[in-house]
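Following: one structure in structure tokens, then a few remarks.
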């Protein structure tokens, strides 16, 4: 089974490419597997450390299980064991999550990218028990906790991680978001969370890497990134700076990235348009053809579309001008 030490560098949170004109509900074979293979090879060759499929950016909620299996099978075949692959397996409950985990494990997938069940507001007790049950059901599949408070009705506090550390042996990493609505203190619980679950590789978002490094130093071994699908070079350079402990270089890279147009006009509404933002900016950058958004998450206001596409184009220009 994968362990914490297998998780290093950039965890690429990838889109699921959609065939042109097939974003509607009536298309049950919508995944562009050719572009999936190309995307996988591009990102691995560029230096990402792992791939996480079918999260929010990967349109987990908009795909059939058969589409997810075909998508992930292609990734695994192209990856050929060069990097860990985490299959997106978030459902409404424990039984269905276990059923899907077993199907993905049969494909040769080593890891599951799993969020809490999407129904009731979870308690700390049932959140920990959920991942403990998954460990019992599929003991040879490493898990990445999808710790995003925007969607899973939990802040994933230190108490949760303490429970994971004691009762959930297959949890080896997490997409760590922290407190999105308090940017200055969004990672304040990161050091204590790391202490509480020492078997877990905590991955903060790429844009918060300098903040994370200031808090935990060389305990920071990687980041999660959706931005890398617009062109991974700046994030690859950021990871090199993290590995070297080069704060000055981290600052230079972040200065470049913060100089780009903001893709999100109003952060309070990101939960309404998250998928749309990720696919639009990816397509605008042109590194990967993510194709159209799938039903039901296809609407986006004109000002959001303009901001998002402008950001993607600017990212591509930065990559070409300075990082390639």
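Points worth noting:
- Residue exposure sequence - 89, 124 - by fewest surrounding Cβ within 10 Å: 124, 89
- In terms of other Cβ atoms within 10 Å, 226, 123 run from fewest to most in the order 123, 226.
- Where N is the number of residues in the stretch 72-206, Cα Rg divided by 2.2 N^0.38 Å: 1.02
- Distance between the 7 Å Cα→Cβ label points at residue 219 and residue 321: 3.8 nm.
- Extension gain (nm, one decimal) between residue 180 and residue 247, 0.36 nm per residue minus Cα-Cα: 21.8 nm
- Theoretical gain in end-to-end length, residue 61 to residue 150 [0.36 nm per residue, Cα-Cα removed]: 30.6 nm
- Antiparallel beta bridges, as assigned by DSSP with both residues in the chain, represent about 5 percent of the total such bridges.
- From least to most packed, judged by other beta carbons within 10 angstrom and beginning with the fewest, 32, 243 follow the order 243, 32.
- Projected over all directions and averaged, the alpha-carbon convex hull of the stretch 137-272 occupies 9.1 nm².
- Length gained on full extension, residue 3 to residue 267, computed as 0.36 nm times the residue gap minus the Cα-Cα distance: 91.6 nm.
- Between residue 70 and residue 45, the FRET efficiency from the beta-carbon distance, with R0 = 22 Å, is close to 0.45.
- Once the Kirkwood radius over Cα pairs is known for the chain, the Stokes-Einstein relation at 20 °C and 1.002 mPa s delivers a diffusion coefficient of 109 µm²/s.
- Note on residue 192/residue 289: beta-carbon distance plugged into 1/(1 + (r/R0)^6) with R0 of 35 Å gives a FRET efficiency of 0.25.
- Centroid-to-centroid separation of the stretch 1-49 and the stretch 125-180 [C-alpha atoms, Å]: 23 Å
- Computed over the stretch 1-140, Cα set: Rg, Dmax in Å: 15.1, 44
Here, each number is a calculation from the coordinates, and none is a lab measurement. The model shown is predicted, which means the values in this text are computed figures rather than measured ones. Every residue, glycine among them, receives a Cβ derived from its backbone with ideal geometry; neighbour counts consider all protein chains shown.
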